[in-house]
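Everything below concerns the one structure shown next.
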């Protein structure tokens, strides 16, 4: 009799353990069910009819939406307390809880930001400035992204006017840009091309100077390359070396302001004697 009771007790314990194991296994697998079974009688997928309308319609679509919609965390819910979340990497809804729970998955209809125009300005030998004109969609624009290597790497900016530096001179760049809104939705990628300027070298009295290729003496005198503003243009239109005490010296080659600066040219002028005056 005692043996029967003992065997019955052991059998009962085994049955209880088996039931618990199966139940726990079922609970552990509950997250995968909603990922792999897009639509069934326990899942209602609700899509917003128009952006910002707050009105939703049930759909029988078999796939989660990938474009034009965003998962609504606040409205998505389950009747028996299971929780829903969005797996952005795999584009799936994940449920944690009872697999038999009835769930309602809500998606808001969104309009992404659009880039209207891109312009370049202030192009130097090592930098290009781009200005991005974009219109927000459903949500405000928060960030601007650009790439100089065909989208291999992206750089972030909080401003729509971006100075891209550390470039190589005399090089054509295809600049790619997109904008992102506060919800992390990206616009389409737009491209624009620009070429950094080429600098040439020349000497004046054996001191090396730089100029943009194709620059005239008149343009050079008014540029940042005229270091310390040491040179000017006379009233007669010649480039001259300005004397601190007043007056100036002509170049020995009497170069005029509309002449092009020659790459690797060697220019000279006097630094002594009585300077010229206007």
*May I ask for the angle, rounded to the nearest 10°, between helix 2-28 and the longest principal axis of the chain, with both axes built from Cα atoms and the value confined to 0 to 90°?*
30
*asked:* Taking the beta-carbon count within 10 Å as an exposure proxy, list 240, 227 from fewest neighbours to most.
replied: 227, 240
*asked:* In 10 Å bins starting at zero, report the fraction of Cα pairs in the range 199-267 per bin as a rounded %.
replied: 22, 61, 16, 1
*Pairs of alpha carbons in the chain whose separation is greater than 33 Å (percent)*: 58
*Show me 141-149, 114-122 ranked by packing, highest mean number of other Cβ atoms within 10 Å first.*
141-149, 114-122
*Which percent, nearest 5, of DSSP beta bridges in the chain are antiparallel?*
90
*Computed over the range 114-195: relative contact order in percent, which uses C-alpha pairs under 8 Å that are six or more apart*: 33
*For the range 114-195, just list the percent of Cα-Cα distances falling in each 10 Å bin from zero outward, please.*
19, 54, 22, 5, 0
_Ranked by how many other beta carbons lie within 10 Å on average, peptides 268-274, 173-179 from highest_ = 173-179, 268-274
*Where does each of 107, 248 land when they are ranked from fewest to most other beta-carbon atoms within 10 angstrom?*
248, 107
*How do the peptides 193-205, 79-91 rank, highest first, by the average count of neighbouring beta carbon atoms within 10 Å per residue?*
193-205, 79-91
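Read-outs throughout are calculated quantities, based only on the coordinates presented, and are distinct from any laboratory measurement. Since the model is a prediction, treat every value here as computed from it, not as a measurement. Please note: Cβ atoms are built from the backbone with ideal geometry, for glycine as well, and neighbour counts cover all protein chains shown.
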